[in-house]
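The values are calculated or read from the model by the stated rules, or taken from the named source; none is laboratory data. Keep in mind it's a predicted model, so treat the numbers as computed, not measured. Neighbour counts are summed over all protein chains in view; Cβ atoms, including those assigned to glycine, are modelled from backbone coordinates with ideal geometry.
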Amino acid sequence: MNIFIMGAPGSGKGTVSSRIKEEFNLNHISTGDIFRANIAGGTPLGLKAKEYTEKGLLVPDEITNNMVKDYLMNLADKKNGYLLDGYPRTLDQAKAFEELTKGTDLAVDRVIAMDIPFEELTRRITGRRTCKNCGEIYNIYYKPPKKENVCDVCGHELSQRKDDNEASLKVRLDEYAKNTAPVIAYYDDKGIVSHIDASKSQEEIWSTIKETLKNK
Ligand code: AMP
C-alpha cells in the first residue's frame, strides 16, 4: 500500500503517520523531517533548505523532488509500500512523482487528506513541542508532558520547531492554500482521496483511518 498523507500544518499528520506506519508496517518518509535532519547536520541539502523552511516557505520543487526520488530508490524494503508525509505539496511535485513512478509498484494508491478549519490551527502549532530523541509529540495546551519541557517517554528535553511561531504559520498556511489545496483537488478528481475530519479526537480520527485503509 502506497499512501500520501496531506494536511495543513497542525492538522495532526505527524501523530497519525506514526500510527499508520506501525499498524501497516510501511516505510515512513516525512520530507519535513528529512529537511530538519539535514539542516541540523549542516549538509549541502540542509544549507539550501534552511533559508526556505525557517521562513515557512516551500523548498523549491527541484530540490525536493530529487530528495524524494533518492529516498524512494534507496528503500531497503519496498514490499510493504510507503507513507509519504508532507509530499507532494505542489502540482509540479505531484506530476513529477507520477512521471517517476508510472507503471511501477511505487505509484500512489491512496491519499489521506486531514481536513481542518484554519482557525483551529494556531494553538495546535504554537503549542507543539517534540522530543528530538524519541519523536514523541506534545502540545502545551492539549497534551502537556507530566513535567514541563521533559519527554514522558524517554526523559529528554522537549523542543519547539523554529517554524512553529505565528509569523511563519501564516506563511505556511498561505503556501498550503495556494499550492497544496490544488494537489488534493487533483487527486480528488482521480477518486483516490479519503477525507478525514481532523478536528475530531485522536481516537476517532485513528479508527476512521484504520477502517478506511483496511478496506483498501
Ligand atoms: P512539515 O514538517 O511537513 O511541516 O515541513 C516543514 C517545512 O519543510 C515546510 O514548511 C517546507 O519549508 C519544507 N517542506 C517539507 N515538505 C516539503 C515539500 N514537499 N515541498 C517543499 N517544501 C517542503
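Kindly indicate whether any position in the stretch 67-82 is closer than 21 Å to Leu169 by Cβ, crowded, with 16+ Cβ neighbours inside 10 Å, within 12 Å of the ligand (Cβ to nearest atom) and in contact (Cβ under 8 Å) with a residue 12 or more places away in the chain. Looking for residues that are closer than 21 Å to Leu169 by Cβ, crowded, with 16+ Cβ neighbours inside 10 Å, within 12 Å of the ligand (Cβ to nearest atom) and in contact (Cβ under 8 Å) with a residue 12 or more places away in the chain, one finds none in the stretch 67-82, hence no. Just one of (1) without any contact (Cβ under 8 Å) to a residue 24 or more places away in the chain; (2) within 15 Å of the ligand (Cβ to nearest atom) fails for Glu119. It is (2). The condition of being within 21 Å of Lys132 (Cα to Cα), touching an Asp or Glu at 6+ places or on another chain (Cβ under 8 Å) and more than 8 Å from the ligand (Cβ to nearest atom) holds for only one of Ile29, Ile20, Ile5, that being Ile29. With respect to the conditions (1) surrounded by 14 or more Cβ atoms within 10 Å (Cβ to Cβ); (2) under 19 Å from Val183 (Cα atoms); (3) in contact (Cβ under 8 Å) with a residue 12 or more places away in the chain; (4) not aromatic (Phe, Trp, Tyr), Ile39 falls short on a single one, namely (2).
Pairs needed: first member in the stretch 42-64, within 6 Å of the ligand (Cβ to nearest atom); second member anywhere, part of a helix (DSSP H, G or I) and among the aromatic types (Phe, Trp, Tyr); C-beta distance under 6 Å; at least 6 residues apart or different chains. So the pair list comes out as Thr53/Phe35; Val59/Tyr52. Of all the residues that make up the stretch 158-205, how many are at pLDDT 95 or above, farther than 26 Å from Ala37 by Cβ and in contact with a helix residue (DSSP H, G or I) (Cβ under 7 Å, 6 or more places away or on another chain)? Adding up the residues that qualify gives 6. Scanning the stretch 160-199 for residues that are within 10 Å of the ligand (Cβ to nearest atom) and touching a Gly at 6+ places or on another chain (Cβ under 6 Å) turns up Asp163, Ser168, Val171, Arg172.
Any residue at all in the stretch 168-185 that's β-branched (Val, Ile, Thr), outside any loop (DSSP other than H, G, I, E, B) and free of Cβ contacts under 8 Å to residues at least 40 places away in the same chain? The answer is no, given that none of the residues of the stretch 168-185 is β-branched (Val, Ile, Thr), outside any loop (DSSP other than H, G, I, E, B) and free of Cβ contacts under 8 Å to residues at least 40 places away in the same chain.
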